[in-house]
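Trainee: Below is one structure. I have some questions about it.
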Amino acid sequence: MPHEALSIFDMFKIGVGPSSSHTLGPWKAALRCLSSIEAQLENLVQVQVVLYGSLAKTGLGHGTDIALLMGLSGADPETIPISSIQPTIETINTNKQIAIAGKWVIPFHAETDIIFLMGETLPYHPNGLSFLLHYKDGSQKADTYYSIGGGFVVKEGETTMEKAVQLPHPINTALDVKTWCQLYGLSIHDIVIRNEQAWRDTAAIKHGVLHLWHIMAECIYNGCHAEGILPGGLNVKRRAYDMNKSLLPTAVYSNYTEWKAAIKAGGNSFSYILNWINCFALAVNEQNASFGRVVTAPTNGAAGVIPAVLQYFIIFCDGDSEEAILKFLLTASEIGCLFKKGATISAAMGGCQAEIGVSSAMAASALAESLGGTPEQALMAAEIAMEHHLGLTCDPIGGLVQIPCIERNSMGAVKAITAAQLALQGNPHHAKVSLDHVIKTMWETALDMNSKYKETADGGLALQIPLGLSEC
Ligand code: SF4
């Protein structure tokens with residue numbers, strides 16, 4: 001059976017909020033388009049972008065237009081200073097010009113050169129976009145891409161299967177994971193690191209993964225210390241700032257490390273810990289909603305679940321070591337890969353079960369293994385977490401990644417911890433439902449789900465509370 005070789009750095013990607021499929025994906029598609037025509041860039045006279053399906057319907061709320069302008073400008077979403085995004089967009093819109101790849105200046109009118117085809121969806125995936133390239137000699141070319149969730153992008157005609165890298169432990173299913181672990185007497189994170197070594201050495205893996213955690217932790221910290229109203233017109237007030245203040249009313253600290261110590265010193269009552277888990281998750285997704293720097297985990301909309309659970313593990317479960325963080329994220333990534341291969345991590349394909357549900361399963365499994373669980377218990381934890389997200393719809397109000405998205409990350413984090421504890425107290429041999437069963441069920445549920453619940457803002461809460469009528 002062919003397998004898709006996915007690295008932890010495919011699952012966890014550093015980027016910019018608010019959406020991995022509607023912001024990061026189109027941004028990367030624009031960069032790929034430019035790089036595919038590098039030799040002809042100087043001959044471009046006009047670029048137009050056509051957005052289809054879900055990208056057209058919720059693209060404005062998800063910042064797709066901004067992402068496209070940044071991508072066409074040649075900016076790297078991983079490293080671009082967040083503070084430079086707004087001025088770049090203002091300059092393009094004021095001058096009605098864009099410097100393609102940062103060099104070739106051509107006219108660009110965002111209101112007419114970005115076309116939102118609300119009524120049309122391309123057959124391969126609901127998140128399709130085409131770049132229409134016009135050259136000096138009058139010739140034209142269309143280049144079509146699909147943003148398939150989690151910042152993954154494929155070009156028309158391309159397949160995601162059978163990448164060149166051959167892994168020592170090929171994995172398609174949870175059963176494969178279990179088999180490799182049993183065969184070698186290893187944990188899930190051991191198998192993942194062996195596979196990861198097909199791309200890079202152990203030092204590079206460790207450095208890269210700890211950098212991911214650094215970005216996640218910075219996002220939590222920044223989110224807990226940013227007050228105000230989120231952008232987009234829904235007037236949603238940030239909550240992590242007030243929660244942080246009320247949980248640490250007298251603490252004095254000036255950086256992340258001191259803040260972490262202050263939280264730990266505050267006690268370990270159930271409500272105190274629960275409030276912090278909620279706060280960590282809210283903080284990340286408030287940053288995400290305000291075009292902040294986040295890590296897809298596995299998506300931007302669900303970017304708060306894994307950091308919240310890992311931060312909980314670090315502070316309240318004595319998980320504060322580089323080795324423990326590395327293992328946690330390695331295990332989480334493998335669970336995300338299983339869902340990507342066997343179902344989807346795209347809300348436009350499967351609703352919110354594909355985002356929050358998957359992130360919760362990833363976090364549950366990583367926590368269970370980090371707390372001493374066997375690989376079977378870790379897989380069981382992922383199964384339990386997803387089982388109780390099945391059918392979760394995506395109906396963001398105003399097409400913004402704010403309501404229900406931000407709170408939903410808190411819910412996903414808490415469910416992940418519950419699932420991990422249930423698995424740790426349980427016996428996987430008695431489980432009636434395996435992780436592979438629940439992945440298959442999630443995919444079948446995704447296929448049955450009405451498109452109005454798949455990141456289109458055509459149903460659910462999005463209809464109850466139209467943007468502009470909100471009293472938030
Ligand atoms: S409802 Fe869920 S899937 Fe939809 S945008 Fe929000 S977080 Fe993403």
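The values are calculated or read from the model by the stated rules, or taken from the named source; none is laboratory data. Computed from a predicted structure; not experimentally measured. We place every Cβ from the backbone using ideal geometry, glycine too, and count neighbours over all the protein chains shown. Surface areas here come from the heavy atoms of the whole protein model, side chains and all, with no ligands, DNA or RNA. Shrake-Rupley method; radii C 1.70, N 1.55, O 1.52, S 1.80 Å.
Trainee: So how many residues does region 345-372 have that are over 20 Å from the mean Cα position of the chain (by Cα) and open to solvent by less than 10 Å² (accessible area, probe 1.4 Å)?
Mentor: 1
Trainee: What do you reckon, is E383 charged (D, E, K, R) and surrounded by fewer than 24 Cβ atoms within 10 Å (Cβ to Cβ)?
Mentor: No.
Trainee: Looking only at helices (runs of 4 or more DSSP H) that lie completely in region 224-316, which have at least 2 residues being more than 16 Å from the ligand (Cβ to nearest atom) and of a type in the set (S, T, N, Q)?
Mentor: 240-247, 270-289
Trainee: While we're here: Which residue, of E369, E407, is away from the ligand (no atom under 16 Å from the Cβ) and either part of a helix (DSSP H, G or I) or in contact with a Leu (Cβ under 9 Å, 6 or more places away or on another chain) (or both)?
Mentor: Going through E369, E407 in turn, the sole match is E369.
For every residue, the table says whether it meets (1) within 21 Å of V295 (Cα to Cα); (2) not β-branched (V, I, T).
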site	(1), (2)
H22	yes, yes
A30	yes, yes
Q46	no, yes
Q86	yes, yes
N93	no, yes
I98	no, no
V105	no, no
T112	no, no
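Trainee: If a residue has to be more than 19 Å from G149 (Cβ to Cβ) and within 16 Å of the ligand (Cβ to nearest atom) to count, how many in region 410-433 make the cut?
Mentor: Matching residues across region 410-433 total 6.
For (1) within 20 Å of S36 (Cα to Cα); (2) free of Cβ contacts under 8 Å to residues at least 60 places away in the same chain; (3) in contact with a Lys or Arg (Cβ under 9 Å, 6 or more places away or on another chain), each residue gets a yes or a no:
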position: P126; (1), (2), (3): no, no, yes
position: D137; (1), (2), (3): yes, no, no
position: Q140; (1), (2), (3): yes, yes, no
position: D143; (1), (2), (3): yes, no, yes
position: G157; (1), (2), (3): yes, yes, no
position: L167; (1), (2), (3): no, no, yes
position: I191; (1), (2), (3): no, no, no
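Trainee: With the condition kept exactly as written, say whether any residue in region 73-86 is open to solvent by less than 30 Å² (accessible area, probe 1.4 Å) and closer than 19 Å to G149 by Cα.
Mentor: The answer is yes; a qualifying residue exists.
Conditions (1) outside the structural domain of V401 (by TED's automatic domain parsing); (2) in contact with a Lys or Arg (Cβ under 8 Å, 6 or more places away or on another chain); (3) more than 27 Å from P396 (Cα to Cα), marked per residue:
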site	(1), (2), (3)
S7	yes, no, yes
F12	yes, no, no
L24	yes, yes, no
L31	yes, no, yes
I37	yes, yes, yes
G53	yes, no, no
T64	yes, no, no
L68	yes, no, no
S83	yes, no, no
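Trainee: Restricting to region 35-47, count the residues that are open to solvent by less than 30 Å² (accessible area, probe 1.4 Å) and part of a strand (DSSP E or B).
Mentor: 2
Trainee: For region 2-18, state whether one or more residues are closer than 26 Å to K141 by Cα and open to solvent by less than 10 Å² (accessible area, probe 1.4 Å).
Mentor: No, there is no match, as no residue in region 2-18 is closer than 26 Å to K141 by Cα and open to solvent by less than 10 Å² (accessible area, probe 1.4 Å).
Trainee: A382 versus (1) touching a residue at least 60 places away in the same chain (Cβ under 8 Å); (2) within 16 Å of the ligand (Cβ to nearest atom): which is the lone unmet condition?
Mentor: (2)
Trainee: Would you confirm whether or not region 266-281 contains a residue that is crowded, with 24+ Cβ neighbours inside 10 Å and touching a strand residue (DSSP E or B) at 6+ places or on another chain (Cβ under 8 Å)?
Mentor: Looking through region 266-281, none of the residues is crowded, with 24+ Cβ neighbours inside 10 Å and touching a strand residue (DSSP E or B) at 6+ places or on another chain (Cβ under 8 Å).
Trainee: On to the next question. Being of a type in the set (G, A, S), more than 27 Å from C279 (Cα to Cα) and touching a residue at least 12 places away in the same chain (Cβ under 8 Å) narrows it down to one residue among S451, S370, S359, S365; which is it?
Mentor: Answer to the check: S451.
Trainee: Step by step: first the residues of region 48-65, then only those that are buried (at least 23 other Cβ atoms within 10 Å of the Cβ) and more than 16 Å from the ligand (Cβ to nearest atom), then the one that is farthest from N95 (Cα to Cα). Which residue is that?
Mentor: Y52
Trainee: Are any of the residues in region 232-244 in contact with a helix residue (DSSP H, G or I) (Cβ under 7 Å, 6 or more places away or on another chain), closer than 24 Å to A67 by Cα and of a type in the set (D, E, K, R)?
Mentor: Yes, the conditions are met somewhere in region 232-244.
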